[in-house]
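Contents: one structure, followed by commentary.
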Amino acid sequence: MKIYTLVLVLCLLLVTRCKNDDDCVPPILKENVIGTWSIKNSAFGFSESGSATFYSDGKVESNPKDFLISGEINGVILDKTSFTVIDSVLKLKASSADGTLFISESLDMTKNECDEIVFDVFGGLGKSTYKRK
């Protein structure tokens, strides 16, 4: 009887210790967004896909180049892209080479997981889904 009890206890210990090792607690958005992402934007029945890499120094590169944010003011192309994060808001910025002209866009995070981040766009009428590459 003692051996049966011992075997049962060992089996229970093994089963309880074999939880998923891939469990992840996502860091705050400011840290989690750093890296390369596959992105799908969808709104008003349309969608588009691309990718982007966010760097810890605030720079961001997207493919295609104008995928995340782009613009032109008075014939000046705004092709220098950057980002900042305040709480659960990702702010994208496209500026001129000298930084004097710029546009920006704010995305409100609705979901933050280790390998997926979702943002509301157009005041909640669309969404932007980031999946880690």
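The values are calculated or read from the model by the stated rules, or taken from the named source; none is laboratory data. Note that the structure is predicted; figures quoted are calculated from it, not measured. Every residue, glycine as well, gets a Cβ built from its backbone with ideal geometry; the counts of neighbours run over all protein chains shown.
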Query - Neighbours by Cβ (under 6 Å, 6+ apart or cross-chain): first from the stretch 95-123, on the phi > 0 side of the Ramachandran plot and part of a strand (DSSP E or B); second modelled with pLDDT under 95 and buried (at least 17 other Cβ atoms within 10 Å of the Cβ) - result: none
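Could you look through the stretch 51-100, keep only residues that are aliphatic (A, V, I, L, M) and surrounded by fewer than 17 Cβ atoms within 10 Å (Cβ to Cβ), and pick out the one that is nearest to residue 125 (Cα to Cα)?
Going residue by residue through the stretch 51-100, those that are aliphatic (A, V, I, L, M) are 52, 60, 68-69, 73, 76-78, 85-86, 89-90, 92, 94, 97.
So of that shortlist, the ones also surrounded by fewer than 17 Cβ atoms within 10 Å (Cβ to Cβ) come out as 73, 76-77, 86, 89, 97.
On the way: 73: 26, 76: 30, 77: 28, 86: 22, 89: 16, 97: 32 Å.
The qualifying residue nearest to residue 125 (Cα to Cα) is 89.
Got a number for residues in the stretch 38-57 being among the charged types (D, E, K, R), more than 17 Å from residue 109 (Cβ to Cβ) and in contact with a strand residue (DSSP E or B) (Cβ under 8 Å, 6 or more places away or on another chain)?
Of the stretch 38-57, the ones among the charged types (D, E, K, R) are 40, 48, 57.
Now narrow it down to the ones that are more than 17 Å from residue 109 (Cβ to Cβ): 48, 57.
Now narrow it down to the ones that are in contact with a strand residue (DSSP E or B) (Cβ under 8 Å, 6 or more places away or on another chain): 48.
Within the stretch 38-57, residues that are among the charged types (D, E, K, R), more than 17 Å from residue 109 (Cβ to Cβ) and in contact with a strand residue (DSSP E or B) (Cβ under 8 Å, 6 or more places away or on another chain) number 1.
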Query raised in the report: In the stretch 41-64, which residues are within 19 Å of residue 118 (Cα to Cα), over 16 Å from the mean Cα position of the chain (by Cα) and not in a strand (DSSP E or B)?
Result: 44, 45
Query raised in the report: On the given criteria, is residue 67 in a strand (DSSP E or B) and at pLDDT 95 or above?
Result: no
Query raised in the report: List pairs: first in the stretch 26-50 and more than 17 Å from residue 132 (Cβ to Cβ), second at pLDDT below 95 and part of a loop (DSSP other than H, G, I, E, B), Cβ under 6 Å, 6+ apart or cross-chain?
Result: 43/125
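One line per residue, one yes/no per condition, for (1) within 15 Å of residue 116 (Cα to Cα); (2) modelled with pLDDT of 95 or more; (3) out of contact with any Ser or Thr (no Cβ under 8 Å at 6 or more places or on another chain):
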| residue | (1), (2), (3) |
| --- | --- |
| 21 | no, no, yes |
| 27 | yes, yes, yes |
| 31 | yes, yes, yes |
| 35 | yes, yes, no |
| 79 | no, no, no |
